Protein chains: 2
Amino acid sequence: MTEHRETAEEALEELSPDEGERRRMQEAYESIRDRALEDLEEYDFEAQVTLVGSAARDTWLEGDRDIDVFLLLPPYLDRKEFQEIGLEVGQAVFPDGRVEYAEHPYVQGVEDGYDVDVVPCYSLDDASEVQSAVDRTPFHPEYVERERFEGFSDEARLLKAFCRGAGVYGSDLRTHGFGGYLCELLVLHYGGFQEVVEAAADWTPQVVIEFQTAERSHDDPLVVVDPVDAERNVASVVSEDSLATLIHHSRQWLENPATEAFDVEEPIPVSEEELRSYVEGRDTYLAAWVFQAPDVVEDQLYPQLRKTETSLVEELERQGFDVIRSHVFADDRATLLVEANVGRQSKVERHEGPPVYVEEHADEFYRKYEDSDDVVGPYIDDGRYVVERPRRYTSIEEFLESDAVFDLALGQNLEREIERGYDVIVDEELTSLLDEFAVELASHLRPGL
Amino acid sequence: MTEHRETAEEALEELSPDEGERRRMQEAYESIRDRALEDLEEYDFEAQVTLVGSAARDTWLEGDRDIDVFLLLPPYLDRKEFQEIGLEVGQAVFPDGRVEYAEHPYVQGVEDGYDVDVVPCYSLDDASEVQSAVDRTPFHPEYVERERFEGFSDEARLLKAFCRGAGVYGSDLRTHGFGGYLCELLVLHYGGFQEVVEAAADWTPQVVIEFQTAERSHDDPLVVVDPVDAERNVASVVSEDSLATLIHHSRQWLENPATEAFDVEEPIPVSEEELRSYVEGRDTYLAAWVFQAPDVVEDQLYPQLRKTETSLVEELERQGFDVIRSHVFADDRATLLVEANVGRQSKVERHEGPPVYVEEHADEFYRKYEDSDDVVGPYIDDGRYVVERPRRYTSIEEFLESDAVFDLALGQNLEREIERGYDVIVDEELTSLLDEFAVELASHLRPGL
């Protein structure tokens, strides 16, 4: 057995749920299923209840607490009936459950310590008839069941845990990483965990893996055409950085196999001392824009925070600030953290006009500033008219505290919260965030791989 | 008569030398010529003495104090003899004259208040035989004499004075502007001052004017093929900015003809109060790098200063400093003045490595910084490895005071002076430069057109 295999086997001992764990999950699922079927009997149609996700495909990791249960409802139901019945059954199963919203509403509850989603979907004969992404999900276990090889579950567990260890496990819109089904498809395609990692170490984007011929083109860095839907890229959510991170960790594993590759490292919370020494030692400018987090799921919150972050960083760069790094995180409050080389600039900015020979535009520019008292110039440099005009905002703090932030591309749920008020917290004052974000700040103060 | 013509005629009254002035210059020239011829009689060859430049072509401006006299020596003299005889005759004419160096040495002296250059050149039958640029000069008056039209001298005077008013008169390497001969050729080509200006207002670089078919290609923004040398661009020295400046002033003249266009505006020296209020009001960072000016002519000094300026600005920009404007000027001391948005940066700089998928280079980068204690990272951003490493110089002052300045592309004569020592003068302390550079600083504090 090679060193790599030995290390993987050793890790597997910790990753595979034992008999007791399997039985416990099965019992939890059966209890949910039975309650759901009992409630469904009240309706005058045939309906089924099915386990989907990693539990159904026997690829779940020891310690995973998620069970996904689908209610397969008849395709002739209209959308309104379908949604009402889905919620009604979910709430019958979990009278204390929470209603969540994805493509359509569903109920979340807890069964014997497991987090359970009870999701309605249309019962279809063929994946090509799908009306929504959710409807396709029940076909995934079927496909994997048909194609699995001896030892497949362990190989899939290894890859999932490896992605988790690298911080890129999950198809949610916070992680933009590798979901469970994607990991399984990669293992099916390459034949095992080690084979996936060997391939990934040499990947050059765009990487395309076709379980069937793609029916449309994708811009994503990784394209894995869904075996049950030729139009869908199972890896569409994988970001450039998540892909690069997997490539990096794959090379590290090949060079030096270690069981730590499968461990989740809990970040050490940032202390007040660490934060102060970071700020002082780097002499950079750190500003946190803090407001109440809107009450939406993470898959809605994070894309909005990222959009706002991108817009803010672009605007600051446009204004001549040199942003070194930025982060977003949320708990009760949401925080956009920006670290810039310098937080305050001079009172003037160079504003370049057109080349003098471009007659009409150049004339217009010259006339605009010719008699202006608050600019220096126009003068000519590199063949262009140039003026130096007053800067609108001489510091990042001043900008964040102005109404100009509402001209940024803000996520729709954020805009309302920001309008209600926000704080701008700078440099040493960031210690006031440690109560809520000591762990999240670690990702900024200690970025790594 | 149009408004433009009337204004030009009015200006001409001030620009044309009167009878007395003409006679005085003629007498000065004849006296020099006679002394030179007398001395040349000692040699056993035929030689001539000739007036060249604007005096010879009757295009000099009232108040011009320059007379250029050429000694036409036989082409069979070898370089050494030729130079010795040139100097000997020059010194016989001006026993107190100074020896200067261009393509070869020559003597400068003063005659009745005129600054006189006595320059040796080979006497050739045809401009195509020229051995150096100087040898071509005697052919210029011949060509202009042959092609001139009625009123040519006045038109040429108008264009020269117009260029002078715009600050772009002179083919020297400080001005990089329009020389006298170039102005005359433009007037010959377009037919008059007004016609040149009308054409210039619409110029789009590259502008090419061929008195004969060019025998080689030129990259310069303005190309005027010398009628006496098909290989030469008479306008090769005209910079992009000088060209743009002439275009600008031409448009201004067409829109609003005023005799002020022909005036030379003496800049008001910068006062201590103005300098202080400039520095404080803009909150920028001003640094002057001051050293002894080497003892070379301006045509050698300014290209070296500009080269050093370009290299310094590029290096500062590379280090992340945002340079708004820079200037060079020299008197006893030479000064490189740099105005930057901000003079001090944080202690870290972002250093981007290759995309992670570029295996070999990426690995190399990662290994280099993996265990480095003084960097943050490597982390992944936009698919690349990134580290934040300590900045070498956190301020422009610190950079200028370091040995790193010797890695800049310094002009050869400057390097020696800089090695002997220099000062770095910052912000309000710049007032200490006012004794020497109060006029020159005006071009920085009040850049204009």
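The values are calculated or read from the model by the stated rules, or taken from the named source; none is laboratory data. Small disclaimer: the values here were computed from a predicted structure and weren't measured. Backbone-built Cβ (ideal geometry, glycine too); neighbour counts: all protein chains shown.
Looking only at residues that are without any contact (Cβ under 8 Å) to a residue 60 or more places away in the chain and in contact with a helix residue (DSSP H, G or I) (Cβ under 6 Å, 6 or more places away or on another chain) in the stretch B:229-270, which one is farthest from B:GLY180 (Cα to Cα)?
B:ARG251
Given the structure, is B:THR284 at pLDDT 95 or above, among the polar types (S, T, N, Q) and within 22 Å of the chain's Cα centre (by Cα)? Outline the logic, then answer.
Numbers: at pLDDT 95 or above: yes; among the polar types (S, T, N, Q): yes; within 22 Å of the chain's Cα centre (by Cα): no.
No.
For A:TYR385, state whether it is aromatic (Phe, Trp, Tyr), buried (at least 17 other Cβ atoms within 10 Å of the Cβ) and part of a strand (DSSP E or B).
Details: aromatic (Phe, Trp, Tyr): yes; buried (at least 17 other Cβ atoms within 10 Å of the Cβ): yes; part of a strand (DSSP E or B): yes.
It is true that A:TYR385 is aromatic (Phe, Trp, Tyr), buried (at least 17 other Cβ atoms within 10 Å of the Cβ) and part of a strand (DSSP E or B).
Quick one: would you say B:SER123 is modelled with pLDDT of 85 or more and either over 28 Å from the mean Cα position of the chain (by Cα) or among the charged types (D, E, K, R) (or both)?
Numbers: modelled with pLDDT of 85 or more: yes; either over 28 Å from the mean Cα position of the chain (by Cα) or among the charged types (D, E, K, R) (or both): yes.
Yes.
Only one of (1) within 12 Å of another protein chain (Cβ to nearest Cβ); (2) out of contact with any strand residue (DSSP E or B) (no Cβ under 8 Å at 6 or more places or on another chain); (3) closer than 30 Å to B:GLU429 by Cα is not met by B:VAL323, so which one is it?
B:VAL323 satisfies every listed condition except (2).
When the residues of the stretch A:395-420 are narrowed to those that are within 23 Å of A:PRO303 (Cβ to Cβ) and assigned to a loop (DSSP other than H, G, I, E, B), which ends up farthest from the chain's Cα centre (by Cα)?
Here is the first cut: in the stretch A:395-420, the residues within 23 Å of A:PRO303 (Cβ to Cβ) are A:400, A:404-420.
Adding the requirement that they be assigned to a loop (DSSP other than H, G, I, E, B) leaves A:408-411, A:420.
Details: A:LEU408: 21, A:ALA409: 19, A:LEU410: 18, A:GLY411: 15, A:ARG420: 26 Å.
Per the criteria, the residue is A:ARG420.
Show the residue pairs that are 6+ apart or on different chains and have beta-carbon atoms under 7 Å apart, the first residue being within the stretch B:338-358 and without any contact (Cβ under 8 Å) to a residue 40 or more places away in the chain and closer than 15 Å to A:PRO447 by Cβ, the second being assigned to a strand (DSSP E or B) and among the basic types (Lys, Arg).
B:HIS351/B:ARG389; B:GLU352/B:ARG384; B:GLY353/B:ARG384; B:VAL356/B:ARG384
Which residue out of B:GLY353, B:GLY281 is surrounded by fewer than 16 Cβ atoms within 10 Å (Cβ to Cβ) and either under 30 Å from B:ARG98 (Cα atoms) or within 12 Å of chain A (Cβ to nearest Cβ) (or both)?
Working: B:GLY353 fails: surrounded by fewer than 16 Cβ atoms within 10 Å (Cβ to Cβ).
Result: B:GLY281 is the single residue among B:GLY353, B:GLY281 that is surrounded by fewer than 16 Cβ atoms within 10 Å (Cβ to Cβ) and either under 30 Å from B:ARG98 (Cα atoms) or within 12 Å of chain A (Cβ to nearest Cβ) (or both).
What pairs can you find where one residue is in the stretch A:122-145 and within 14 Å of A:PRO75 (Cβ to Cβ), the other is part of a loop (DSSP other than H, G, I, E, B) and small (Gly, Ala, Ser), and their Cβ atoms are less than 9 Å apart, with a gap of 6+ or different chains?
A:TYR122/A:SER132; A:SER123/A:ALA47; A:VAL134/A:ALA102; A:ASP135/A:SER123; A:PRO138/A:SER123
Just to be sure before I move on: is A:SER346 crowded, with 17+ Cβ neighbours inside 10 Å and within 7 Å of chain B (Cβ to nearest Cβ) in the structure I sent?
Details: crowded, with 17+ Cβ neighbours inside 10 Å: yes; within 7 Å of chain B (Cβ to nearest Cβ): yes.
When the stated conditions are applied, A:SER346 passes them.
Check A:VAL297, A:VAL207, A:VAL223, A:VAL290 and return the single one that is more than 30 Å from A:ALA340 (Cβ to Cβ), away from every other protein chain (no Cβ under 14 Å), at pLDDT 95 or above and touching a strand residue (DSSP E or B) at 6+ places or on another chain (Cβ under 9 Å).
Of A:VAL297, A:VAL207, A:VAL223, A:VAL290, the one residue that is more than 30 Å from A:ALA340 (Cβ to Cβ), away from every other protein chain (no Cβ under 14 Å), at pLDDT 95 or above and touching a strand residue (DSSP E or B) at 6+ places or on another chain (Cβ under 9 Å) is A:VAL223.
Test B:ARG57 against the stated conditions and say whether it is of a type outside the set (A, V, I, L, M) and in contact with a helix residue (DSSP H, G or I) (Cβ under 6 Å, 6 or more places away or on another chain). Show your work before the answer.
Numbers: of a type outside the set (A, V, I, L, M): yes; in contact with a helix residue (DSSP H, G or I) (Cβ under 6 Å, 6 or more places away or on another chain): yes.
Criteria met by B:ARG57.
Starting from the stretch A:88-117, take each residue that is in the same structural domain as A:ARG65 (by TED's automatic domain parsing) and surrounded by 15 or more Cβ atoms within 10 Å (Cβ to Cβ) and list its partners that are of a type in the set (Lys, Arg) and in a strand (DSSP E or B), counting only C-beta distances under 8 angstrom and pairs at least six apart or across chains.
Pairs that qualify, where the first residue is in the same structural domain as A:ARG65 (by TED's automatic domain parsing) and surrounded by 15 or more Cβ atoms within 10 Å (Cβ to Cβ) and the partner is of a type in the set (Lys, Arg) and in a strand (DSSP E or B), are A:VAL107/A:ARG98; A:GLN108/A:ARG98; A:GLY109/A:ARG98.
Assess whether A:PHE365 counts as being assigned by TED's automatic domain parsing to the domain that holds A:ALA334, surrounded by 13 or more Cβ atoms within 10 Å (Cβ to Cβ) and not in a strand (DSSP E or B).
no
Where the second residue is of a type in the set (Lys, Arg) and the first is outside any loop (DSSP other than H, G, I, E, B) and lies in the stretch B:39-66, which pairs have Cβ atoms under 7 Å and are six or more apart or on separate chains?
B:VAL49/B:ARG33
Can you name every one of the strands (runs of 3 or more DSSP E) wholly within the stretch A:72-177 that holds 1 or more residues which are within 30 Å of A:GLN212 (Cα to Cα)?
In the stretch A:72-177, the matching strands (runs of 3 or more DSSP E) lie at A:114-122.
Please go through the stretch A:189-235 and give me each residue that is of a type in the set (Ser, Thr, Tyr) and closer than 30 Å to B:ASP363 by Cα, ordered by number.
Listed by number, the residues that qualify are A:TYR190, A:THR204.
Across the stretch A:254-274, what is the number of residues that are within 14 Å of another protein chain (Cβ to nearest Cβ) and part of a helix (DSSP H, G or I)?
Number satisfying all stated conditions: 3.
Kindly provide the set of residues from the stretch B:32-47 that are surrounded by fewer than 20 Cβ atoms within 10 Å (Cβ to Cβ) and farther than 16 Å from B:GLN108 by Cβ, ordered by number.
Listed by number, the residues that qualify are B:ARG33, B:ASP34, B:LEU37, B:GLU38, B:ASP39, B:GLU41, B:GLU42, B:TYR43, B:ASP44, B:PHE45, B:GLU46, B:ALA47.
Per-residue answers, yes or no, for (1) within 11 Å of chain B (Cβ to nearest Cβ); (2) under 19 Å from A:ALA330 (Cβ atoms); (3) modelled with pLDDT under 95:
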position	(1), (2), (3)
A:TYR385	yes, no, no
A:GLU397	no, no, no
A:VAL405	no, yes, no
A:ASP435	no, yes, yes
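From the list A:GLU195, A:GLU155, A:GLU145, which one is more than 24 Å from the chain's Cα centre (by Cα), at pLDDT below 90 and either of a type outside the set (S, T, N, Q) or over 30 Å from A:GLU88 (Cα atoms) (or both)? Spell out the reasoning first.
Working: A:GLU195 fails: at pLDDT below 90; A:GLU155 fails: at pLDDT below 90.
Residue meeting the stated conditions: A:GLU145.
Within the stretch B:330-343, take every residue that is part of a strand (DSSP E or B) and not hydrophobic (A, V, I, L, M, F, W, C) and give me the one that is farthest from the other protein chains (Cβ to nearest Cβ).
The qualifying residue farthest from the other protein chains (Cβ to nearest Cβ) is B:ARG333.
Could you list all residues from the stretch B:48-64 that are surrounded by 19 or more Cβ atoms within 10 Å (Cβ to Cβ) and closer than 20 Å to B:TYR122 by Cα?
B:VAL49, B:LEU51, B:VAL52, B:GLY53, B:ALA56 - these are the residues of the stretch B:48-64 that are surrounded by 19 or more Cβ atoms within 10 Å (Cβ to Cβ) and closer than 20 Å to B:TYR122 by Cα.
Of everything in the stretch A:311-329 that's part of a strand (DSSP E or B) and modelled with pLDDT of 95 or more, which residue is farthest from B:VAL386 (Cα to Cα)? Even if it seems obvious, please write down each step before you answer.
Start the filter on the stretch A:311-329 by keeping residues that are part of a strand (DSSP E or B), which leaves A:323-329.
Filter once more, keeping what is modelled with pLDDT of 95 or more: A:323-328.
On the way: A:VAL323: 14, A:ILE324: 10, A:ARG325: 10, A:SER326: 14, A:HIS327: 15, A:VAL328: 19 Å.
Across the stretch A:311-329, the extreme among qualifying residues is A:VAL328.
Taking only pairs six or more apart or across chains, which ones have beta-carbon atoms under 6 Å, a first residue in the stretch B:187-215 that is small (Gly, Ala, Ser), and a second residue that is modelled with pLDDT of 95 or more and in a helix (DSSP H, G or I)?
B:GLY192/B:GLU155; B:ALA199/B:TYR190; B:ALA200/B:LEU246; B:ALA200/B:ILE247; B:ALA200/B:SER250; B:ALA201/B:SER250; B:ALA201/B:ARG251; B:ALA201/B:LEU254
Out of the stretch A:410-430, which residues are touching a Lys or Arg at 6+ places or on another chain (Cβ under 7 Å) and either within 27 Å of A:VAL270 (Cα to Cα) or modelled with pLDDT of 95 or more (or both)?
If we filter the stretch A:410-430 for residues that are touching a Lys or Arg at 6+ places or on another chain (Cβ under 7 Å), which is where we start, we get A:411, A:428.
A:GLU428 - this is the single residue of the stretch A:410-430 that is touching a Lys or Arg at 6+ places or on another chain (Cβ under 7 Å) and either within 27 Å of A:VAL270 (Cα to Cα) or modelled with pLDDT of 95 or more (or both).
Do you know which residues across the stretch B:118-147 are within 23 Å of B:GLY177 (Cα to Cα), crowded, with 19+ Cβ neighbours inside 10 Å and of a type outside the set (A, V, I, L, M)?
Within the stretch B:118-147, B:ASP135, B:ARG136, B:THR137, B:PRO138, B:PHE139, B:HIS140, B:PRO141, B:TYR143 meet the criteria.
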